[in-house]
Amino acid sequence: MTPLWAPDDLIEATGGSLTTPFHASGVSIDTRTLRPGDLFVALLGEGRDGHDFVAGALESGATGAMTHRTIPGVGPLLCVDDTLAALARLGAFARARFTGQVLAVTGSVGKTTTKEMLRTILSVLGPTHAAVASYNNHWGLPLTLARMAPDMAFCVAEIGMNHAGEIAPLARLARPHVAVITTVEKAHIGFLGSIEAIADEKAAILAGLEPDGVAVLPLDSPQFPRLHANAARIHGAKLRIVTFGTGAEADCRLLAADADANGSDVRADITGRNIRFRLNAPGRHMAMNAMATLGAIVALGLDPDVAASVLESFVPLTGRGARRTVILPEGSALLLDESYNGNGASMRAALEVLRLQPARRRIAVLGDMLELGEAGPNEHATLAAYAAAASDIVHVCGPLMRHLYDALPASVRGEHFPDAEALAPFLSAFVAPGDAILVKGSLGSRMKRVVDALDALTPSQAGAA
Ligand SMILES: Nc1ncnc2c1ncn2[C@@H]1O[C@H](COP(=O)(O)OP(=O)(O)OP(=O)(O)O)[C@@H](O)[C@H]1O
Ligand SMILES: [Mg+2]
């Protein structure tokens with residue numbers, strides 16, 4: 001088999017030099033997930049320097065390491081000026097030699113879910129490469145591309161942002177044939193300032209679209225006209241657009257999503273074809289992600305009937321709606337693990353799923369939604385009505401969640417804790433058989449601690465951590 005990276009390509013792609021020639025079958029930036037045969041890239045991280053891990057990476061089976069500092073007695077090395085910039089060049093080289101179709105997904109929420117729905121479908125149709133987890137930023141996207149073999153049929157990339165100006169350069173690196181914008185919501189509004197600025201930033205993905213590329217856009221979004229105007233500004237009137245939503249004009253139109261606790265029976269009109277399928281991921285937001293996904297499938301010229309039937313095997317991902325049973329001495333409880341991400345839109349979506357659960361008690365366990373700037377207190381307070389409608393009791397933690405807590409009706413108001421560490425042991429004692437528990441908050445609120453504490457109650461997992 002041709003190795004992913006040959007020595008000459010490493011030099012040509014990065015402009016660097018090799019201490020000794022080596023091949024690589026993969027690319028890694030983290031020794032904890034490194035696989036034998038990988039090129040290890042020594043990046044500067046928050047409070048860490050990947051150069052300190054080079055020796056360990058080589059011992060773990062890396063065939064070589066890309067560094068911008070020589071490390072005496074250690075090799076083989078690919079020596080470059082700057083490892084982050086060189087990783088981007090590696091990604092650009094991999095993209096240039098790629099012969100398949102590239103799809104890129106951005107949006108305020110639903111990126112990883114849509115990316116994984118596309119991976120599920122496309123993997124059945126041809127060799128498919130896709131981003132790991134939420135690898136969507138200035139290192140995640142280049143890494144995804146650098147790992148891509150030239151002859152795969154499809155690549156599904158995720159593109160994200162925290163600040164204005166981040167999406168366009170990533171889109172130009174990915175050069176997608178199909179660019180999907182899932183949603184435009186007030187995530188990261190603290191950095192962007194307004195919903196209009198967020199829409200403009202999402203639309204910047206179109207700056208990287210290939211000449212005959214297709215944009216897949218959310219017709220129901222109040223920001224759709226702005227996305228459309230941006231598309232016209234960047235590409236003129238000839239750009240092909242596939243829309244998804246509930247409106248009559250949508251190319252991929254959700255006609256009905258009959259929701260139950262475990263999923264939805266979906267009926268849709270996909271470019272004039274009536275399609276029905278079961279989606280084993282509950283909530284209307286998941287049905288809408290499926291519409292975005294089918295929009296991308298149609299954009300590629302593939303069969304939406306086949307795609308919809310494959311989608312039946314899709315289940316929500318860890319931290320993004322995954323469901324698990326917590327085994328207790330006298331019964332069990334249902335855990336809805338939403339600990340990966342929290343903003344107004346995703347909180348409302350997840351609370352709606354909690355509302356659908358036929359439980360003895362529906363318990364919402366919520367941590368702070370971060371990066372909302374001045375909008376933070378109000379975004380939390382206005383969520384109180386949704387939380388109250390979906391839950392029998394609401395426990396929260398964090399300073400911003402105090403605003404939600406104070407706005408809750410007394411009938412559902414549980415406890416407020418300073419942080420997830422304080423909430424976790426309380427909840428472990430509080431949970432009882434028959435409960436359904438939603439745990440959600442921004443990643444930085446560390447609600448995974450709460451999830452881990454609940455998981456640890458299940459006997460086989462107790463003490464595993
Ligand atoms: N279309 C949607 N509308 C509203 N909420 C959604 C939608 N899709 C997913 N969600 C919610 O957002 C959460 C995160 O989903 P996902 O990981 O797919 O988003 P993401 O855009 O990749 O997020 P991140 O910016 O953290 O990478 C889910 O757990 C769910 O609560
Ligand atoms: Mg993501």
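Each reported figure results from applying straightforward, stated rules to the coordinates on display, with no laboratory input. Just so it is clear, the model here is predicted, and its values are computed rather than measured. Ideal geometry is used to build each Cβ from the backbone, glycine not excepted, and the neighbour counts take in all protein chains shown.
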Enumerate the residues in the stretch 351-373 having an amide nitrogen under 17 Å from the point lying 7 Å beyond the Cα of Thr325 toward its Cβ. 358-360
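Out of every Cα-Cα pair in the chain, what percent are more than 44 Å apart?
On the way: 16280 of 107880 pairs.
Of all Cα-Cα distances in the chain, 15 percent exceed 44 Å.
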In range of the label at Asp303: residues from the stretch 107-121 whose backbone nitrogen is under 16 Å from the point 7 Å along Cα→Cβ: 121
Could you quote the convex hull projected area for the stretch 98-311, Cα atoms only and averaged over all directions, in nm²? 10.8 nm²
Can you give me the angle between helix 284-299 and the longest principal axis of the chain, using Cα atoms only, in degrees from 0 to 90, rounded to the nearest 10? 30 degrees
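Using Cα pairs under 8 angstrom and six or more residues apart, how large is the relative contact order of the chain, in percent?
Relative contact order comes out at 10 percent.
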So Asp52 and Ser313, fully extended at 0.36 nm per residue minus their Cα-Cα distance, gain in nm 89.8 nm
Given +1 on the Cβ of Lys and Arg, -1 on the Cβ of Asp and Glu, and no further charges, what dipole in debye does the chain carry about its Cα centre, rounded to the nearest 20? 600 debye
When 1/r is averaged over all different Cα pairs and the result inverted, which Kirkwood radius in Å belongs to the stretch 330-426? 13.5 Å
Would you list which lysines come within 29 Å of Lys448, measuring only between C-alpha atoms, while excluding same-chain residues fewer than 8 positions from it? Lys111, Lys115, Lys186, Lys202, Lys440
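Starting from the Cα-Cα distance between Glu415 and Arg278, subtract it from 0.36 nm times their residue separation and give me the gain in nm to one decimal.
45.6 nm
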Give a quick list of GluC sites (Glu not before Pro) in the stretch 247-342 that DSSP marks as loop, anything other than H, G, I, E or B, with at most 11 other Cβ atoms within 10 Å. Glu249, Glu330
In debye to the nearest 20, how big a dipole does the stretch 314-416 give about its Cα centre with +1 on each Lys and Arg Cβ and -1 on each Asp and Glu Cβ? 400 debye
Based on the Cβ-Cβ distance from Ser194 to Asn137, what FRET efficiency comes out when R0 is 25 Å, to the nearest 0.05? 0.70
Hey, could you pull the Cα Rg and Dmax for the stretch 52-157, both in Å? 15.9, 48
Highest mean packing first, using Cβ neighbours within 10 angstrom, the peptides 391-401, 421-431 sort as 391-401, 421-431
In whole Hz and in residue order, list the ³J(HN,Hα) couplings for the stretch 53-64 that follow from phi through the Karplus curve 6.51 cos²θ - 1.76 cosθ + 1.60, θ = phi - 60°; x for Gly and Pro. 10, 4, 4, x, 4, 5, 5, 7, x, 4, 7, x
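Normalising by the residue count of the stretch 355-465, find the relative contact order in percent from Cα pairs under 8 Å and 6+ residues apart.
Computed value for the stretch 355-465: 32 percent relative contact order.
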Could you derive backbone 3J(HN,Hα) for the stretch 262-274 from the dihedral phi with the Karplus parameters 6.51, -1.76 and 1.60 (θ = phi - 60°), listing whole Hz in sequence and x where the residue is Gly or Pro? 9, x, 9, 8, 9, 10, 9, 10, 10, 6, x, 9, 7
Cα convex hull of the stretch 240-288, projected area averaged across orientations, nm²: 3.3 nm²
Mind giving me the nanometre distance, one decimal, between the label points for Asp151 and Glu12, set 7 Å out from Cα along Cα→Cβ? 1.7 nm
Where both partners of a DSSP beta bridge lie in the chain, what percent of those bridges are antiparallel, to the nearest 5? 35 percent
How big is the Kirkwood radius of the stretch 386-465, worked out from every pair of different alpha carbons and given in Å to one decimal? 13.3 Å
